[in-house]
Amino acid sequence: MAGDVEKDIKVLEQFIQVYCDTKHNEAEKSEKDGLNLCPECHETMDYSRKRRELCPLDPKPACKNCEVHCHKPDQRQKIREVMRHSGMHLIKRGRIDMLLHYLF
């Protein structure tokens, strides 16, 4: 299970990095845990990482198909926005490989 958690967190990091790079490109950024993000995106990443590590389901379904929502409603909406934006960004740039994890 630890491998799945690490893999999910890696994908999440990539999606949040894409989101921050394209939506917050003018914001003041700092490096933390190998990610160069604005404070808002660091906060989203930290929260989402914690939530994923504490997820009680094994195997974990995609969040959109999950009956147990571990994110608070405002954070859940934020991560949806991140995934939607980054997913479309990656599709337009031919990075289908990164999306396969998210879709299946």
Debye calculation, C-alpha points only, no solvent: report log10 I(q)/I(0) for region 33-77 at q = 0.17, 0.21, 0.30 Å⁻¹, in the same order as the q values.
-0.54, -0.76, -1.15
Among C20, C41, C55, which one shows the biggest mean-square fluctuation in a GNM of the chain, springs joining Cα atoms closer than 10 Å?
C55
Would you mind calculating the gained length between D58 and H85 on full extension (0.36 nm times residue separation, minus the Cα-Cα distance), in nm to one decimal?
7.0 nm
One finds, for N36 and R93 with R0 = 22 angstrom and r their Cβ-Cβ distance, a FRET efficiency to the nearest 0.05 of 0.70
So, counting K/R as plus one and D/E as minus one, what does the shell of residues with Cβ under 13 Å around N36 add up to?
-3
Below 13 angstrom from the Cβ of K23, what's the summed charge of the other residues (Lys, Arg +1; Asp, Glu -1)?
-1
Just to verify a number: FRET efficiency for D4 and D46, C-beta to C-beta distance, R0 = 25 Å, to 0.05?
0.80
Counting only Cβ distances under 4.7 Å between cysteines, those in the chain with no partner are C38, C55, C63, C66, C70
Max mean-square fluctuation residue, GNM over the chain, Cα-Cα springs under 10 Å, options L37, L12, L57
L57
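A short reminder: the numbers here are calculations on the coordinates, not readings from a lab. From a predicted model like this one, the values you see are computed outputs, not experimental measurements. For neighbour counting, all protein chains shown are included, and Cβ atoms are generated from backbone atoms with ideal geometry for every residue, glycine included.
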